[in-house]
1. Can you pull out every residue in segment 154-191 that is in contact with a helix residue (DSSP H, G or I) (Cβ under 6 Å, 6 or more places away or on another chain) and either assigned to a loop (DSSP other than H, G, I, E, B) or at positive phi (or both)?
2. I'd like the full set of residues that are in a helix (DSSP H, G or I) and either open to solvent by 90 Å² or more (accessible area, probe 1.4 Å) or at pLDDT below 95 (or both), limited to segment 46-70.
3. Quick check on my filter: what residues within segment 134-173 are open to solvent by less than 30 Å² (accessible area, probe 1.4 Å) and over 18 Å from VAL90 (Cβ atoms)?
4. Here is a check on your reading of the model: is VAL130 β-branched (Val, Ile, Thr) and either out of contact with any helix residue (DSSP H, G or I) (no Cβ under 8 Å at 6 or more places or on another chain) or closer than 25 Å to LYS48 by Cα (or both)?
5. What is the one condition in (1) crowded, with 20+ Cβ neighbours inside 10 Å; (2) within 23 Å of ASN64 (Cβ to Cβ) that ALA87 does not satisfy?
6. I'd like the full set of residues that are outside any loop (DSSP other than H, G, I, E, B), at pLDDT 90 or above and surrounded by fewer than 24 Cβ atoms within 10 Å (Cβ to Cβ), limited to segment 98-130.
Amino acid sequence: MNTILAKSILGVAGLAFTGGVFAGPVAAHAAETTHVAKPVSVSVQGDKLIPHGVQGEQSRIDLNDEQIKNVKAIIAATKKAGMDERAAVVSIATALQESKLENLGHLGDRNDHDSQGLFQQRPSSGWGTVEQITDPEYSTTAFLKGLKQVDGWQDMPLTKAAQTVQVSAYPDHYAQWEQQAADLVAQHWNS
C-alpha cells in the first residue's frame, strides 16, 4: 500500500513540475491586474461573438496601448484572411491566454521551450522563424490557418477550437478569456 501511495505522490509531483515547465511564459507574465468575474451573458454580441455563451469564470486584464495595438493587428489579420468576428474572438482569447497580448520574445530561463510572440508559437514546431512569429500579422495568420483546418471550429466551444490549434498543456484555460475577447472585437472590429 505504501508503494502505491508513494507512486501516486510522485505522479502528482511530476504533473506539477511538468505544469510549471509548460506554464513558464504564462506564469512569468501573469498580470497582477487579472480580475475574475462571473460568467456574463452577452445580449448585443449574442450568436456571432459568443455563440455558446461563456464557459466558467471569466478573467479580465487592463490593457495598455501596445496590447490594444496587438488586438487591432489580430483583427486586421483576421479580416485579411477573410474570416469573421468569431475567428477574431478565438484568436484574441488565445493570445490573451498565451501572452496577455504581449508580443513576447525569448524569455531565457522563463521560456516555454522556444515559444515566442502573441500566440507562443515555436520555430522548432514549424510555426515559422523567430522574426515571423514575433510579427503580429504573420503569427495571427499562422494561427488562423491552423484554425481553418479544424473541422467545425465555428460550432465548438472557444477553448476546444483554440486547444486543437495550440495543443496546450492547459486546454481549458482559453475559456476564461472569451468575454474580454468578445468585448475587444465588438469595440475594435469596425474601428
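1. Scanning segment 154-191 gives ALA169, PRO171, ASP172, TRP189.
2. If the condition is that a residue be in a helix (DSSP H, G or I) and either open to solvent by 90 Å² or more (accessible area, probe 1.4 Å) or at pLDDT below 95 (or both), then GLY46, ASP47, LYS48, LEU49, ASP65, GLU66, LYS69 are the ones that fit.
3. Selection gives nothing.
4. Working: β-branched (Val, Ile, Thr): yes; either out of contact with any helix residue (DSSP H, G or I) (no Cβ under 8 Å at 6 or more places or on another chain) or closer than 25 Å to LYS48 by Cα (or both): no.
When the stated conditions are applied, VAL130 does not pass them.
5. Just one mismatch for ALA87, condition (2).
6. Of the residues in segment 98-130, the ones outside any loop (DSSP other than H, G, I, E, B) are 98-99, 104, 108-110, 116-117, 121, 123-125, 130.
The next check asks that each one be at pLDDT 90 or above; those that pass are 98-99, 117, 121.
SER99 - this is the single residue of segment 98-130 that is outside any loop (DSSP other than H, G, I, E, B), at pLDDT 90 or above and surrounded by fewer than 24 Cβ atoms within 10 Å (Cβ to Cβ).
The values are calculated or read from the model by the stated rules, or taken from the named source; none is laboratory data. Nothing here was measured: the structure is a model prediction, and the numbers come from that model. Neighbour counts are summed over all protein chains in view; Cβ atoms, including those assigned to glycine, are modelled from backbone coordinates with ideal geometry. The protein model used for the area step is the full one, side chains on, heavy atoms only, and it has no ligands, DNA or RNA in it. Shrake-Rupley method; radii C 1.70, N 1.55, O 1.52, S 1.80 Å.
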